[in-house]
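The values are calculated or read from the model by the stated rules, or taken from the named source; none is laboratory data. Predicted model only: the values in this text are computed from it and were never measured. Neighbour counts are summed over all protein chains in view; Cβ atoms, including those assigned to glycine, are modelled from backbone coordinates with ideal geometry. The protein model used for the area step is the full one, side chains on, heavy atoms only, and it has no ligands, DNA or RNA in it. Shrake-Rupley method; radii C 1.70, N 1.55, O 1.52, S 1.80 Å.
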Amino acid sequence: MYKKNAWNKYNENELKSLFDFCDDYKDFISECKTERECVTYTINLIEKLGYKNITSFKDIKPGDKLYAINKNKNIAIFNIGKKPIVDGINILGAHIDSPRIDIKQNPLYESDGFALLDGHYYGGIIKYQWVTIRLAIHGVVCKKDGSTVNVVIGENPNDPVFVITDLLPHLGSEKLNKTGAKVVEGEDLDITVGSIGLKDIEKESVKNNILKILNEKYNISDEDFISAEFEIVPEGKARDLGFDKSMILGYGHDDRVCAYTSLRAIIDSSDCCKTVCAYLVDKEEIGSVGATGAHSLWFQNTLAELINLQNKNYNDLLLRRTLSNSFMLSSDVSAGYDPLYKSVFEKNNACFLGSGLTFNKYTGARGKSGCNDAMPEFMAKIRKIMDDNKVNYQTAELGKVDAGGGGTIAYIMGNQNMNVIDAGVPVLSMHAPQEVVSKADVYEAYLGYMAFIKEA
Ligand code: MN
Ligand code: MN
């Protein structure tokens, strides 16, 4: 089912399951706006289904369902198959970090009667898109006593929200002559958080009032910001988009749409011949670096633990063979063709909303720089699996050859000698506060991922 619009193929029952699936997905992205929230949600969901933490296993056998967590920001979920792990794993790898505005370590200041938090953007954002929209604060404060306070402010209708202000057009003549990249700059992304001063204080009375509120309501002190991780994200729930409700408008489709569909593909599949895995990872938007990014050794360490649980005389060769024998879909979103911005796409090699799961054989920039160029042998296997299972799929490049570029975690796993290809959902307005996906593509991604883990 290559390059065909998926909406035409569904019968009434299929349409119902598609819309039900997308309602579950909307709940997921409405609730999970940080990596940690995605991990917590996933644990709650899968424990109800009988998945157990890998640390509680002495050995593993076919049919076992388990998960491993890394620093509350990565999770890998496994269904143990009938074949030995060393024969290879079928992996769906998605990222659960999304572009946003973090706050600095010393963020709270007062200026001309306002209290503000000094922001520092995370990931590749178009900065002018993030002003004058309702923002919420999601995150944690890690206290010196070892405790962690979870914070979500702005999602409950009774909560206050926050904003980054912008200049009125009447006074914007100089600003509007700037280039798009400069019209709102990094240091302009400060969040307004209050304006009432404490009566009996002369200096920084508004800032001190905010600190008083933070202390009373959330048990947070000024210095606690040093060990806090606050993510400033768009407020509110994901919503149906269009008269026909065919699309979803929401924050963080990149890449939680592929994370959720990958997760559901694993938990909704049983009796796979091989061991199958959903690997949900952090830090993709800033280069997959650090202990919780895809470059971390954590995933390999986890596979080593699994092999050891299955095969008591573990040795390094078994891990290396497992990696080489594994197949992976780097489940990440693709740039959907936007009729308002035709000029940056090459239509024959663009993906369209509604035409299904999108495979990017390569991403990268200019002459494919930095990409994982998937093997045609692997591509042929994928074509067969998609067609045999009547999954709508398409292939795409990330826009015109010299228009820009981007990357995913594909090459990182490719470097470990796995066969990897990017496969995800087309998105409009990628990295904007509200992104757009088609419900048909969300559903086809889920079906395509299930087919892949069963048959690859
Ligand atoms: Mn992505
Ligand atoms: Mn991205």
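When only residues in region 113-134 that are of a type in the set (Ser, Thr, Tyr) and within 16 Å of ligand 2 (Cβ to nearest atom) count, which is most open to solvent (accessible area, probe 1.4 Å)?
If we take residues in region 113-134 being of a type in the set (Ser, Thr, Tyr) and within 16 Å of ligand 2 (Cβ to nearest atom), then Tyr121 is most open to solvent (accessible area, probe 1.4 Å).
When the residues of region 135-186 are filtered to those that are open to solvent by 70 Å² or more (accessible area, probe 1.4 Å) and among the basic types (Lys, Arg), which remaining residue is nearest to Ser98 (Cα to Cα)?
Looking at the filtered set, the residue picked out is Lys182.
Tell me, please, whether a residue that is buried (at least 24 other Cβ atoms within 10 Å of the Cβ), assigned to a strand (DSSP E or B) and within 16 Å of ligand 2 (Cβ to nearest atom) can be found in region 347-356.
Checking region 347-356: at least one residue is buried (at least 24 other Cβ atoms within 10 Å of the Cβ), assigned to a strand (DSSP E or B) and within 16 Å of ligand 2 (Cβ to nearest atom).
Could you tell me how many of the residues in region 307-338 are in contact (Cβ under 8 Å) with a residue 12 or more places away in the chain, of a type outside the set (D, E, K, R) and not in a loop (DSSP other than H, G, I, E, B)?
16
Residues being open to solvent by less than 50 Å² (accessible area, probe 1.4 Å) and either within 16 Å of ligand 1 (Cβ to nearest atom) or free of Cβ contacts under 8 Å to residues at least 12 places away in the same chain (or both): count how many of those fall in region 380-396.
Within region 380-396, residues that are open to solvent by less than 50 Å² (accessible area, probe 1.4 Å) and either within 16 Å of ligand 1 (Cβ to nearest atom) or free of Cβ contacts under 8 Å to residues at least 12 places away in the same chain (or both) number 1.
Given the residues Asn90, Asn44, which is the only one that is away from ligand 2 (no atom under 16 Å from the Cβ) and free of Cβ contacts under 8 Å to residues at least 40 places away in the same chain?
Among Asn90, Asn44, only Asn44 is away from ligand 2 (no atom under 16 Å from the Cβ) and free of Cβ contacts under 8 Å to residues at least 40 places away in the same chain.
Among the listed residues Thr302, Thr261, Thr322, Thr275, which satisfies the condition of being within 16 Å of ligand 1 (Cβ to nearest atom), among the β-branched types (Val, Ile, Thr) and at pLDDT 95 or above?
The unique qualifying residue is Thr261.
Out of Ala403, Ala410, Ala440, report the one residue that is more than 16 Å from ligand 1 (Cβ to nearest atom), open to solvent by less than 10 Å² (accessible area, probe 1.4 Å) and either within 21 Å of Gly93 (Cα to Cα) or not charged (D, E, K, R) (or both).
That would be Ala440, the only listed residue that is more than 16 Å from ligand 1 (Cβ to nearest atom), open to solvent by less than 10 Å² (accessible area, probe 1.4 Å) and either within 21 Å of Gly93 (Cα to Cα) or not charged (D, E, K, R) (or both).
Within region 197-215, can one find any residue that is within 16 Å of ligand 2 (Cβ to nearest atom) and touching a residue at least 60 places away in the same chain (Cβ under 8 Å)?
No, region 197-215 contains no residue that is within 16 Å of ligand 2 (Cβ to nearest atom) and touching a residue at least 60 places away in the same chain (Cβ under 8 Å).
Tally time: how many residues in region 135-146 are closer than 20 Å to Tyr41 by Cα and free of Cβ contacts under 8 Å to residues at least 60 places away in the same chain?
The number of residues fulfilling the criteria is 0.
Based on this model, can you work out whether Arg264 counts as among the charged types (D, E, K, R), away from ligand 2 (no atom under 16 Å from the Cβ) and assigned by TED's automatic domain parsing to the domain that holds Met328?
It is true that Arg264 is among the charged types (D, E, K, R), away from ligand 2 (no atom under 16 Å from the Cβ) and assigned by TED's automatic domain parsing to the domain that holds Met328.
One line per residue, one yes/no per condition, for (1) among the acidic types (Asp, Glu); (2) surrounded by fewer than 19 Cβ atoms within 10 Å (Cβ to Cβ); (3) touching a residue at least 24 places away in the same chain (Cβ under 8 Å):
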site: Glu223; (1), (2), (3): yes, yes, no
site: Val233; (1), (2), (3): no, no, yes
site: Lys245; (1), (2), (3): no, yes, yes
site: His253; (1), (2), (3): no, no, yes
site: Val276; (1), (2), (3): no, no, yes
site: Tyr279; (1), (2), (3): no, no, yes
site: Lys283; (1), (2), (3): no, no, yes
